[in-house]
Amino acid sequence: MNCKKLGIILKGIITENPVLILVLGTCPTLAQTGSVISALGMGIAATLVLICSNAAISALRKIIPDTVRIPCYIVVIAGFVSVVQMLMHAYLPDLYDMMGVYLALIVVNCIILGRAEMFARKNPVFDSVLDGLGMGLGFLVALLLMATVREVLGNGSFAGMEIPFMQSVRIPILTQAPGGFLVFGILIAVMNKITEKQGGVKRKSFTCEGCPQAALCGKTSCTETTEVTANAGEERKDGENA
Amino acid sequence: MTKKNLMPTVVLGIICIAVAAVLALVNGFTAPIIETATVARQQASLKEVLPAATEFEKLELDSLPETVFEVYRDKGGSGYALLLSTSSQYTSGDNMGITVAVNPDGEITGIKLTTYTESKDFGKAAYPASYIGENAEEVAVHHTTAGVTYSSKALRGALSDALKALADNNLLNGGNN
């Protein structure tokens, strides 16, 4: 596999991590990270759907007319989610029960529709599969990281197994909704700090690929307006000086 | 209709048909597995809610409420176990599956949620267990749980239906059983 292909995968895991950098898929992230097992289930299910839907949408990209592309994507994504749901219900019933309604809600996970719209419809099948794999792994890693913090510190256990010395120092609020937001915020801050130190990821370097609003926005980067305004300000200043 | 308008409709229609075919195929081999697992889980729950039971006998009763789909009697006489299925207006996945045990005096002696797929957990064990020891009158005025009002109301309604079904069929003490 050449560097370009590897880069597609790594982009999803690190530099454009859908949860910690692009802040997409927040609902399942907050809801399913109370335990490591449910986070693992959600991460794997979403990754499978991402890979399959990216592959299918990429393969159909020349057939699907632009006017009905969103309904077509939704039908394809919903189909794959239903397949995963049925398989999980049949072969992993305990995990299926644990995930509840959030399994079906993968259909409206904006990471999946976002990647379909921004990547799969413009790229060949193999690249789209790699993009789905990278984004899925990025989602899975972020979920596992957050679930580990919440379960170990909040519940004194890991994947349902009790950690004896943690029982007396656990912080129960971390397993509740406020704890979810708190850990989520801290992880985003840590991620920003790490990437800032390495100088690898800066907000300016983002493309619009991961943004579900890109089609409506029409800009080429999130900083475009600021830069234009700043330039206009400088020009005005120059004019005044002159 | 012009070709320009027809094409999107045809493509969307074909994709829908293809997806439906794939779903039918997967459902074809997963549905029997799911059904078998569900029945096994329900049968295991009968023993869980009525541990004193020696052997269960399925009763064929007339005019059961919609929420009560199977009624079993312990041949040893310790009581009845009923399989219930209900939903609230916000149920988005499977119905709520409940197995409840009732003694011959009409009091709930055991309860277990076999299926619960709502997003909000109302204490899958704790809230249902709060009905243990209650009869029909007490169940009718049992408290609901804040934040999960519709689900707890649905659960309460199903339990009331279960006790009513036993009473209507004269299976409780005081009836003509």
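Below is a table of values for the structure above.
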| read-out | value |
| --- | --- |
| Among the residues listed as A:Met118, A:Met86, the single one being assigned to a helix (DSSP H, G or I), out of contact with any strand residue (DSSP E or B) (no Cβ under 6 Å at 6 or more places or on another chain) and at pLDDT below 90 | A:Met118 |
| From A:Ala59, A:Ala45, A:Ala39, residue being among the aliphatic types (A, V, I, L, M), surrounded by fewer than 19 Cβ atoms within 10 Å (Cβ to Cβ) and in contact (Cβ under 8 Å) with a residue 12 or more places away in the chain | A:Ala59 |
| For B:Leu61: the one exception among (1) in a helix (DSSP H, G or I); (2) in contact (Cβ under 8 Å) with a residue 60 or more places away in the chain; (3) more than 14 Å from chain A (Cβ to nearest Cβ) | (1) |
| Top-ranked residue in region A:62-94 [being among the β-branched types (Val, Ile, Thr) and within 7 Å of another protein chain (Cβ to nearest Cβ); ranked as surrounded by the fewest Cβ atoms within 10 Å (Cβ to Cβ)] | A:Ile63 |
| Flag if A:Leu182 is assigned to a helix (DSSP H, G or I), modelled with pLDDT of 85 or more and either surrounded by 12 or more Cβ atoms within 10 Å (Cβ to Cβ) or hydrophobic (A, V, I, L, M, F, W, C) (or both) | yes |
| Among the candidates B:Ser45, B:Ser88, residue that is assigned to a loop (DSSP other than H, G, I, E, B), within 15 Å of the chain's Cα centre (by Cα), within 14 Å of chain A (Cβ to nearest Cβ) and crowded, with 17+ Cβ neighbours inside 10 Å | B:Ser88 |
| When residues of region B:99-113 are limited to those that are modelled with pLDDT of 90 or more and of a type in the set (A, V, I, L, M, F, W, C), the one nearest to B:Val139 (Cα to Cα) | B:Ile108 |
| Counted residues, region A:110-129 - those being out of contact with any Asp or Glu (no Cβ under 8 Å at 6 or more places or on another chain), hydrophobic (A, V, I, L, M, F, W, C) and over 18 Å from A:Val81 (Cα atoms) | 2 |
| Residues of region B:140-155 classified as buried (at least 19 other Cβ atoms within 10 Å of the Cβ) and either assigned to a helix (DSSP H, G or I) or in contact with a Ser or Thr (Cβ under 8 Å, 6 or more places away or on another chain) (or both), total | 4 |
| Residues satisfying the stated conditions in region A:1-60, i.e. among the β-branched types (Val, Ile, Thr) and part of a loop (DSSP other than H, G, I, E, B) | A:Val19, A:Ile21, A:Val23, A:Thr33 |
| The one condition in (1) touching a strand residue (DSSP E or B) at 6+ places or on another chain (Cβ under 8 Å); (2) surrounded by fewer than 18 Cβ atoms within 10 Å (Cβ to Cβ) that A:Glu151 fails to fulfil | (2) |
| Test: residue in region A:103-116 that is within 10 Å of another protein chain (Cβ to nearest Cβ) and surrounded by fewer than 24 Cβ atoms within 10 Å (Cβ to Cβ) | yes |
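So that you can scan it fast, the table gives a plain yes or no per residue for (1) free of Cβ contacts under 8 Å to residues at least 12 places away in the same chain; (2) touching a Ser or Thr at 6+ places or on another chain (Cβ under 9 Å):
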{"site": "B:Thr9", "(1), (2)": "yes, no"}
{"site": "B:Val19", "(1), (2)": "yes, yes"}
{"site": "B:Ile34", "(1), (2)": "yes, no"}
{"site": "B:Val39", "(1), (2)": "yes, no"}
{"site": "B:Ala53", "(1), (2)": "no, yes"}
{"site": "B:Phe56", "(1), (2)": "no, no"}
{"site": "B:Phe69", "(1), (2)": "no, yes"}
{"site": "B:Asn95", "(1), (2)": "no, yes"}
{"site": "B:Thr109", "(1), (2)": "no, yes"}
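The values are calculated or read from the model by the stated rules, or taken from the named source; none is laboratory data. This is a predicted model, so every value here is computed, not measured. Positions of Cβ are generated from backbone atoms using ideal geometry, with glycine treated the same way; all protein chains shown enter the neighbour counts.
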